[in-house]
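See structure below.
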Amino acid sequence: MTQRSFEHWMLDIQSRTEAALANHLPSAHIAPTRLHEAMRYAVLGGGKRVRPLLTFAAGELCNAKANQLDAAACAVEFIHAYSLVHDDMPCMDDDVLRRGKPTVHIEYDEATALLVGDSLQTLAFQVLADHAGTQQPAQKISMLSQLAHASGSRGMAGGQAIDLASVGLPLTREELEFMHIHKTGALIRCAVLLGAYSSDTPLDAASLERLDHFAKVIGLLFQVVDDVLDCEADTATLGKTAGKDAANNKPTYVSLLGLRDARQLANDLQQQALTTLQTFGDRAERLQQLTRYIVTRSF
Ligand code: GRG
């Protein structure tokens, strides 16, 4: 598969996901119209859709059909969108720009932003429960449980709590890794695993373990690259305020290791991820290409 075909595939999954998200979101004409309009504002028309892309790439590895993957991809993206809306609020990161446009609490108001996040979170579980491709109830329950675990206090929300408590503190590398594995890594890992679980032909235990290892590495890799970009890229390119971590005195891989070693760590993790995929052969080609994309992306 060429680089060109990867770009086509990406565009195809991104537009497919955009349509599916738009379809699952309540219409802005249905009451309460302001809340529904704000939910659509938060989710649609922006974002790289990295998590849905991972769900589709992992699904491809497991021979899942595209229509079996839409629900899992949307559920993960709804959780991600909710986390961004809440993260941007004044009680957390207090940011005014996201995906190149005003954050939800700026465009609407704080109470609406809070409710948008709450509603997107529950919509994620509703979509997965009602539309997941698998016919096996036990498999569906396992997927719901994985998404809950990845989102909650033992996953993303827990990582966010550590992040908020860490401002100005000199974290050790282990502590920083623990925070990021939870805050960013847990949902990315879940995006990969739900792709595999959406298939009717599950992986054997050893293959699933390898895919899970890949998923954990790619979650951490995503955050290391994010730290580097926050330091290197400008606000216009990122679509969010650049240099925020340093300005807020937040511990990052760049503040801990320096820019050069943080970049080196990203390269090492990329290599580790690609090596883990090798035993899957050609079936993992999309995941390989996505791994490279995550490292070379500019925002
Ligand atoms: C509020 C419970 C709660 C959690 C928030 C994920 C998160 C936890 C906060 C976001 C803050 C942040 C910038 C984290 C760094 C990694 C990250 C998730 C970046 C944004 O994800 P992208 O690059 O965004 O996939 P797009 O806009 O492309 O979807």
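The values are calculated or read from the model by the stated rules, or taken from the named source; none is laboratory data. Here the structure is a predicted model, which is why all the values come from computation and not from measurement. Cβ sites come from the backbone with ideal geometry, for glycine too, and all protein chains shown count toward neighbours. Heads up: the accessible areas ignore ligands, DNA and RNA and are worked out on the full protein's heavy atoms, side chains in. Shrake-Rupley method; radii C 1.70, N 1.55, O 1.52, S 1.80 Å.
Tabulated data
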| quantity | calculated |
| --- | --- |
| Calculated FRET value between Gln139 and Arg173, using beta carbons and R₀ = 35 Å, to 0.05 | 0.40 |
| Charge sum, other residues only, whose C-beta stays under 15 Å from Thr279's C-beta, Lys/Arg counted +1 and Asp/Glu -1 | -3 |
| Label-point separation, Asn249 to Thr201 (7 Å along Cα→Cβ), nm | 5.6 nm |
| Candidate residues Cys91, Cys62: accessible-area rank, largest first, probe 1.4 Å | Cys91, Cys62 |
| Solvent-accessible heavy-atom area per residue, rounded to whole Å², over the chain at 1.4 Å | 44 Å² |
| Fraction of alpha-carbon pairs over 14 Å apart in the stretch 205-286 - percent | 66 percent |
| Between the stretch 217-243 and the stretch 246-299, the alpha-carbon center distance in angstrom | 11 Å |
| Charge tally in the Cβ shell below 14 Å around Cys190, where Lys, Arg are +1 and Asp, Glu are -1, Cys190 excluded | +3 |
| Alpha-carbon centroid distance for the pair the stretch 130-167 / the stretch 28-96, whole angstrom | 14 Å |
| Net charge, Ser166 excluded, C-beta distance under 15 Å - Lys, Arg +1, Asp, Glu -1 | -4 |
| For the chain, alpha-carbon Rg over 2.2 N^0.38 Å | 0.95 |
| Interchain or long-range residues, amide H under 5 Å from Leu97's placed H | Thr103, Thr241 |
| Arg154 versus His8: modelled label distance in nm, points set 7 Å from Cα along the beta carbon direction | 4.4 nm |
| Inter-label distance for Gln126 and Cys91, nm, one decimal - labels placed 7 Å from Cα along Cα-to-Cβ | 2.3 nm |
| Relative contact order, percent, the chain [alpha-carbon distance under 8 Å, six or more residues apart] | 20 percent |
| Additional length obtainable on full extension of the chain from Leu114 to Arg292, 0.36 nm per residue less Cα span | 60.6 nm |
| Accessible-area order (highest first, 1.4 angstrom probe) of the listed residues Ile218, Ile162 | Ile162, Ile218 |
